[in-house]
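What follows is a set of notes on a single structure, which appears directly below.
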Amino acid sequence: MTKAKGLEVSLAVAEAVKQANVDVIAAYPITPQTHIVEELSVYVANGELDAEYVPVESEHTAMSASVGSSAAGARTYTATSAQGLALMHEILFIASGLRLPIVMTVANRALSAPISIWNDHGDIMAERDIGWVQIFAENGQEAYDLSIAAFKIAEDHRVLLPVCVNIDGFILTHMIEPVLFIDQKKIDAFLPPFNPALTLDPKKPVTMGPVGVPEVYAESRKQCEQALINSREIVAEVFDQWGKTFDRNYKLIEKNGPDEAKSLFITMGSMGETTMTAVQELTDSGESVGQVRIRLWRPFPKKEFLNAIAGAEELIIIDRALSPGSHNGPVAQEVKALLYDEPVKPRVHNVIAGLGGRDVTVKDFKKMYAMSRKNELDPNYTIWGVRSDA
Amino acid sequence: MAESAICAWQKLELGTAITTPGNSAELRTGDWKTLRPETDREKCIKCGMCSIYCPEFCISEAEDGYYPADLFYCKGCGICANECPKKAISMIMD
Amino acid sequence: MWEIRLHGRGGQGAVTSAELLARAAIAKGKFAQAFPSFGPERRGAPVQAFVRVDEKRILKREKIYEPDIVMVLDPTLLDVVNVAEGLKQDGIVVVNSPQSNEELKNRYNWPNVAAVNATRIAVDILSVPITNTTMLGALLKASGIMEAKDMEEVIMDRFGPKLGPKNFSALSKAFEVTNIN
Ligand code: SF4
Ligand code: SF4
């Protein structure tokens, strides 16, 4: 067993990208993603990583350059956050529409206004429908592992879609914690060189991104959507292979706590660990409570999720983003829509917590649980901890 | 790849790419003109301005140095006639 | 689990202290977290950093509200912020101060105090009044989390062959002279 190294999670992600042996990095620095791309630029400058680093002038160009380089057959990486992700918006659809296996880290951060550099999931939730595979990491080890696995998923010829790995801004990106690194040789064996299905090649010209007339557009979208739906199986397969090869097991949906728990917290991202401490303390004091973590957000793993919540009487769904004007936060909307077809439905509470970097603590989770028991949470959703005069 | 993109989604090329290069050459853009250009070889000085201005890029230099329009693509817009410095091109009924 | 809150001013190296402590603990096979109070930092403004150290995996990602130990790099902070806010009943304040443990205890009503004149040590050994590495020596002594020598490798790695030995020597000096209560 190798020894864990204590370092900032951003640097662990940069190491993962280096070990994935990328050919092109096109990125624009933005807090809290900066340390990742800064470190990568150092690797390229000092020759540790033989790649092209494109210091673009905006995130719109970062994604455009990524589309170009991926289309030319280069293994391509970028990373961004909040406003940067929003600026990429239109090109994100092009990346998936052209079936380009770009890998991107999103250091999740709240969107302005007011200006916030702190964490929530508002940035990626505004990009739910970009047609990318979207994964949420819970800790530094996952961020490292999944950043490598992401290339394997994206480049699989049954997928050929871009993959975005979400890591909570600051809470993960700026955290110093133990990470176990994998030998380069083992990574090379796990992740073979990129073998593109279609490339821009002057010797064999193709046109990528032509006009899709009304007679073609729907079929074209259907193709991408089906690839995304099918990717679920490949994500599971790659996670499985990861577990067998490196002895760290990841599931699409992960259930923690007692099997027969009546109440379940549903979380995504780094909040899950704090939730687990609350679940442990509540279980110790005789409560019937557990936790379900959504690791794969797009495509949403329906079957696995329904299995995980089977038997639960109550769900406390934590959203780290608002969906203004809707009935619920994004995750609760997803889950409620899924439950509509189920014969037996658990009660659903939705708590929107941790907006713009607001700390969410073990105490908060315990209080949410107590309020849900007494039915004191708002029937639609509660914005946790919001100060009010009412 | 399907012969045409009007096919089942399963048969569409990856990312709806077009993998047969040069297929736009098969598209007859010149099927709707009312007027076509005709060059008066007496006036023409073989300067090539008409070929530069043609929005269809359908005028090119022939072996004899003149600049005939390829009527398979010519849409009859008359830009060549307008731009010719010698007024050597006239637009006539097709 | 040890929960430690570090107080300093922007530029004094509180975040570096936190990082070094966590890295050394992890190198020793422990589990640890270190993180700043996230956000833009102005030089001279009061800042906090946080460290957790445990023998088992840490499943908690919140700031530290009820620390076991508070470490204060700058004595001028004592009258600006309540550094002992939320401190556990048997908690310790490890503080850079020329005053004695007794004096500080009486003045601020802290349960346990480990004071060291880190500015003096830093100026003597490092020739600059930067106390972040020195104070780690006092912290280790007061808490018993690790020995001073357990910090040597990360200090050398961080500060290099020129400044590394000096910083480690300042840390060791503080470890040697610090007393609790
Ligand atoms: S009429 Fe228009 S399209 Fe035809 S050759 Fe002249 S410029 Fe080209
Ligand atoms: S622009 Fe007129 S003169 Fe020049 S090549 Fe064309 S037809 Fe001849």
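The values are calculated or read from the model by the stated rules, or taken from the named source; none is laboratory data. No experiment lies behind these values; they were computed from the predicted model shown. Neighbour counts run over all protein chains shown; Cβ positions are idealised from the backbone, glycine included. Note: accessible area is taken over every heavy atom of the protein model, side chains too, but ligands, DNA and RNA are not part of it. Shrake-Rupley method; radii C 1.70, N 1.55, O 1.52, S 1.80 Å.
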Of the residues A:Glu304, A:Glu260, only one is farther than 28 Å from A:Tyr144 by Cα and of a type outside the set (Phe, Trp, Tyr); which? A:Glu260
Would you check if A:Ser66 is under 22 Å from A:Pro193 (Cβ atoms) and surrounded by 24 or more Cβ atoms within 10 Å (Cβ to Cβ)? yes
Which condition does B:Pro21 not pass, out of (1) farther than 30 Å from A:Arg99 by Cα; (2) away from ligand 2 (no atom under 16 Å from the Cβ); (3) open to solvent by 30 Å² or more (accessible area, probe 1.4 Å), if it passes all the others? (1)
Exactly one of A:Ile25, A:Ile36, A:Ile91 is under 24 Å from A:Asp188 (Cα atoms) and touching a Ser or Thr at 6+ places or on another chain (Cβ under 6 Å), and that one is A:Ile36
For A:Val279: the one exception among (1) closer than 30 Å to A:Thr2 by Cα; (2) assigned by TED's automatic domain parsing to the domain that holds A:Pro330; (3) of a type in the set (A, V, I, L, M, F, W, C): (1)
Extreme residue, nearest to the other protein chains (Cβ to nearest Cβ), among residues of segment B:36-59 that are more than 9 Å from ligand 2 (Cβ to nearest atom) and buried (at least 16 other Cβ atoms within 10 Å of the Cβ): B:Glu56
Could you go through segment A:123-139 and let me know if any residue there is without any contact (Cβ under 8 Å) to a residue 12 or more places away in the chain and surrounded by fewer than 20 Cβ atoms within 10 Å (Cβ to Cβ). yes
What are the residue pairs meeting all of these: first residue in segment B:82-94, first residue farther than 16 Å from B:Gly48 by Cβ and in a loop (DSSP other than H, G, I, E, B), second residue more than 8 Å from ligand 2 (Cβ to nearest atom) and open to solvent by less than 70 Å² (accessible area, probe 1.4 Å), Cβ atoms under 7 Å, and 6 or more apart or on different chains? B:Asp94/B:Lys33; B:Asp94/B:Leu35; B:Asp94/B:Arg36; B:Asp94/B:Gly76
Scan segment C:16-53 residue by residue and report those that are more than 9 Å from chain A (Cβ to nearest Cβ) and part of a helix (DSSP H, G or I). C:Thr16, C:Ser17, C:Leu20, C:Leu21
Check whether at least one residue in segment A:178-189 is open to solvent by less than 40 Å² (accessible area, probe 1.4 Å), touching a residue at least 12 places away in the same chain (Cβ under 8 Å) and in a loop (DSSP other than H, G, I, E, B), and report yes or no. yes
Any residue at all in segment C:130-139 that's in a strand (DSSP E or B), of a type in the set (S, T, N, Q) and either crowded, with 18+ Cβ neighbours inside 10 Å or in contact (Cβ under 8 Å) with a residue 12 or more places away in the chain (or both)? no
Scan segment A:234-250 for residues that are in contact (Cβ under 8 Å) with a residue 12 or more places away in the chain, assigned to a helix (DSSP H, G or I) and surrounded by 14 or more Cβ atoms within 10 Å (Cβ to Cβ) and report the count. 7
Inside segment B:60-90, the number of residues satisfying the requirement of being under 15 Å from the mean Cα position of the chain (by Cα) and more than 7 Å from ligand 2 (Cβ to nearest atom) is 16
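Open to solvent by less than 20 Å² (accessible area, probe 1.4 Å), at pLDDT 95 or above and either within 14 Å of another protein chain (Cβ to nearest Cβ) or at positive phi (or both) - does that describe any residue in segment A:197-213?
No: zero hits.
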State whether one or more residues within segment B:49-62 are assigned to a loop (DSSP other than H, G, I, E, B) and away from ligand 1 (no atom under 13 Å from the Cβ). yes
